[in-house]
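A quick write-up on the structure given underneath.
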Amino acid sequence: QVQLAESGGRSVETGDSLKLTCAVSGGALSDYSMGWFRQAPSKEREFVAIINWRAQTYYTESVKGRFTISRDNAGNTVYLEMNGLRPNDTAVYSCGASKQHFSPDVDDYQYWGQGTQVTVSS
């Protein structure tokens, strides 16, 4: 039974950096593609970044050059390093695990964490 737990979210100012962590238990991280998603107030959950077993990555256009997703298979941990944060990055950030897909579609993910709040002030 795979369980995911996000941490690291907090309130920051425009231009600051932040690193989120997703801890995986109950399964081997190397068996899954891992994704980061976010949901802002009054908006639907949207794709942010994904990484597969070969460390191939893909990002949504608005975070390219600012965010970096990485994984530590031995430590069963996924990270999202965020730089140059903007107010419209404010959202609850969640990680998901997909056993069969390298996909930006939320429906392709079998396991989810509870999320961690990131707030960026002007």
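Computed values, structure above
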read-out: Residue count, segment 58-78 (criterion: in contact with a Ser or Thr (Cβ under 8 Å, 6 or more places away or on another chain), at pLDDT 95 or above and either assigned to a loop (DSSP other than H, G, I, E, B) or more than 21 Å from residue 92 (Cα to Cα) (or both)); value: 0
read-out: Residue list for segment 25-39, restricted to those being part of a strand (DSSP E or B) and open to solvent by less than 60 Å² (accessible area, probe 1.4 Å); value: 25, 33, 34, 35, 36, 37, 38
read-out: Residues within segment 48-79 that are more than 15 Å from the chain's Cα centre (by Cα), surrounded by 13 or more Cβ atoms within 10 Å (Cβ to Cβ) and on the phi > 0 side of the Ramachandran plot, tallied; value: 0
read-out: Any chance residue 109 is among the hydroxyl-bearing types (Ser, Thr, Tyr) and either out of contact with any strand residue (DSSP E or B) (no Cβ under 7 Å at 6 or more places or on another chain) or under 11 Å from residue 37 (Cβ atoms) (or both); value: yes
read-out: Pairs, first without any contact (Cβ under 8 Å) to a residue 60 or more places away in the chain in segment 95-110, second outside any loop (DSSP other than H, G, I, E, B), C-beta under 7 Å, six or more apart; value: 108/98
read-out: Counted residues, segment 80-122 - those being part of a strand (DSSP E or B), surrounded by fewer than 19 Cβ atoms within 10 Å (Cβ to Cβ), among the small types (Gly, Ala, Ser) and under 14 Å from the mean Cα position of the chain (by Cα); value: 0
read-out: Options 11, 42, 17: the member that is closer than 19 Å to residue 115 by Cβ, among the small types (Gly, Ala, Ser) and either loosely packed, with under 12 Cβ neighbours inside 10 Å or in contact with a Lys or Arg (Cβ under 6 Å, 6 or more places away or on another chain) (or both); value: 42
read-out: Segment 90-117: number of residues that are under 12 Å from residue 21 (Cα atoms) and of a type in the set (A, V, I, L, M); value: 0
read-out: Options 45, 38, 66: the member that is closer than 22 Å to residue 111 by Cα and in contact with an Asp or Glu (Cβ under 9 Å, 6 or more places away or on another chain); value: 38
read-out: Which numbered condition residue 22 misses (of (1) at pLDDT 95 or above; (2) farther than 15 Å from residue 105 by Cβ; (3) surrounded by fewer than 23 Cβ atoms within 10 Å (Cβ to Cβ)); value: (3)
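The values are calculated or read from the model by the stated rules, or taken from the named source; none is laboratory data. Note that the coordinates shown come from a computational prediction; the quantities given were computed from them, not determined experimentally. We place every Cβ from the backbone using ideal geometry, glycine too, and count neighbours over all the protein chains shown. Calculation scope for accessible area: heavy atoms of the full protein, side chains included, ligands and nucleic acids excluded. Shrake-Rupley method; radii C 1.70, N 1.55, O 1.52, S 1.80 Å.
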